[in-house]
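Chemist: Please find one structure pasted underneath; my questions will follow.
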Amino acid sequence: MIGSLQGVVAAVGEEHVLIEVGGVGYVVQAGGRTLARLSVGATVKLFIETHVREDAIRLFGFGSEEERAWFAHLQTIPGVGAKVALGILDAMPPAVLIDAIALQDKAAFARANGVGPKLAARLATELAAKQGPKGFISGGASGIAPRNGAPVSGARAEAVSALVNLGIDQSSAARAVASASKQFDADAPAPELIRAALKEVSR
């Protein structure tokens, strides 16, 4: 099982990148956002999800372990294969995806390539009922600077925890914090986020 690849970008295509590692070239399928950040000749590290089938071994590459874990997690939903999961992550980086799940935002899922209204509704409902991805591998920098969205900040996690401690259930707390965070242009300090989230809960 390949967990990550670090090497030189030899070629970039519409859906794949060729990474040379120790004289061996690996063909890795990746989403548009990941591919757009790669340039031939640059050194890169990608986190890999390996799919093994009778007729092929396919490698899927991501700029962060968080994206890789979400890619695998999305495919636990019926009707979501590798292509659709890549499309969802192209449309929604993990931070945006987490908010869409907390808010059960069907419209956000429907904006992804290959996701129709019925699948969007199923994604919003079933992902909200599940725990998030498990088995994150702790790793260093990915070699690709993030462009859109960032992992959930400590302030947001603190705000959710504070609401849960006040007796609000986890999903409602996450939904309130996700909604409240949209009121701020940048990451808000935890106390401000908690106050805004409490107002959302009381509505």
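Chemist: If a residue must be within 15 Å of the chain's Cα centre (by Cα), of a type in the set (K, R) and either part of a loop (DSSP other than H, G, I, E, B) or under 19 Å from G13 (Cα atoms) (or both), how many such residues does segment 47-93 contain?
Modeler: So the answer is 1.
Chemist: Turning to a different aspect of this structure: Among the residues of segment 74-82, is there at least one that is farther than 18 Å from R122 by Cβ, outside the structural domain of V8 (by TED's automatic domain parsing) and in contact with a helix residue (DSSP H, G or I) (Cβ under 6 Å, 6 or more places away or on another chain)?
Modeler: No, there is no match, as no residue in segment 74-82 is farther than 18 Å from R122 by Cβ, outside the structural domain of V8 (by TED's automatic domain parsing) and in contact with a helix residue (DSSP H, G or I) (Cβ under 6 Å, 6 or more places away or on another chain).
Chemist: Of the residues A197, A145, A124, A141, only one is outside the structural domain of L103 (by TED's automatic domain parsing), modelled with pLDDT of 80 or more and not β-branched (V, I, T); which?
Modeler: A197
Chemist: Which condition does T50 not pass, out of (1) at pLDDT below 95; (2) exposed (fewer than 12 other Cβ atoms within 10 Å of the Cβ); (3) more than 19 Å from V84 (Cβ to Cβ), if it passes all the others?
Modeler: Just one mismatch for T50, condition (3).
Chemist: Identify the single condition in (1) within 19 Å of the chain's Cα centre (by Cα); (2) in a loop (DSSP other than H, G, I, E, B); (3) modelled with pLDDT under 75; (4) not hydrophobic (A, V, I, L, M, F, W, C) that D185 does not satisfy, given that it satisfies every other one.
Modeler: The failed condition is (1).
Chemist: While we're on this one: I want to confirm something. Restricting to segment 15-33 and keeping residues that are touching a residue at least 12 places away in the same chain (Cβ under 8 Å) and assigned to a loop (DSSP other than H, G, I, E, B), which single residue is surrounded by the fewest Cβ atoms within 10 Å (Cβ to Cβ)?
Modeler: G22
Chemist: Which one of these is closer than 17 Å to A91 by Cα and either in contact with a helix residue (DSSP H, G or I) (Cβ under 8 Å, 6 or more places away or on another chain) or without any contact (Cβ under 8 Å) to a residue 24 or more places away in the chain (or both): A56, A36?
Modeler: A36 is the lone residue from the list that is closer than 17 Å to A91 by Cα and either in contact with a helix residue (DSSP H, G or I) (Cβ under 8 Å, 6 or more places away or on another chain) or without any contact (Cβ under 8 Å) to a residue 24 or more places away in the chain (or both).
Chemist: Only residues in segment 188-203 that are without any contact (Cβ under 8 Å) to a residue 12 or more places away in the chain count as the first member; pair them with residues that are surrounded by 19 or more Cβ atoms within 10 Å (Cβ to Cβ), Cβ under 7 angstrom, at least 6 apart or cross-chain, and list the lot.
Modeler: Every condition considered, no pair remains.
Chemist: Could I ask something else about it? Picking from G79, G116, which residue would you name as being on the phi < 0 side of the Ramachandran plot and modelled with pLDDT under 95?
Modeler: Just a single option satisfies the conditions, and that option is G116.
Chemist: In the list V44, V40, which residue meets the criterion of being assigned to a strand (DSSP E or B) and hydrophobic (A, V, I, L, M, F, W, C)?
Modeler: V44 is the lone residue from the list that is assigned to a strand (DSSP E or B) and hydrophobic (A, V, I, L, M, F, W, C).
Chemist: How about segment 166-182: which of its residues are over 18 Å from A108 (Cα atoms), among the hydrophobic types (A, V, I, L, M, F, W, C) and part of a helix (DSSP H, G or I)?
Modeler: Hit for segment 166-182 is A173, nothing else.
Chemist: Output the residues belonging to segment 72-90 that are under 28 Å from A180 (Cβ atoms) and in contact with a Leu (Cβ under 9 Å, 6 or more places away or on another chain).
Modeler: H73, L74, I77, I88, L89 - these are the residues of segment 72-90 that are under 28 Å from A180 (Cβ atoms) and in contact with a Leu (Cβ under 9 Å, 6 or more places away or on another chain).
The values are calculated or read from the model by the stated rules, or taken from the named source; none is laboratory data. Bear in mind that the values here come from a model prediction, so they are computed numbers and not experimental data. Heads up, the Cβs are rebuilt from the backbone with ideal geometry, glycines too, and the neighbour counts pull from every protein chain shown.
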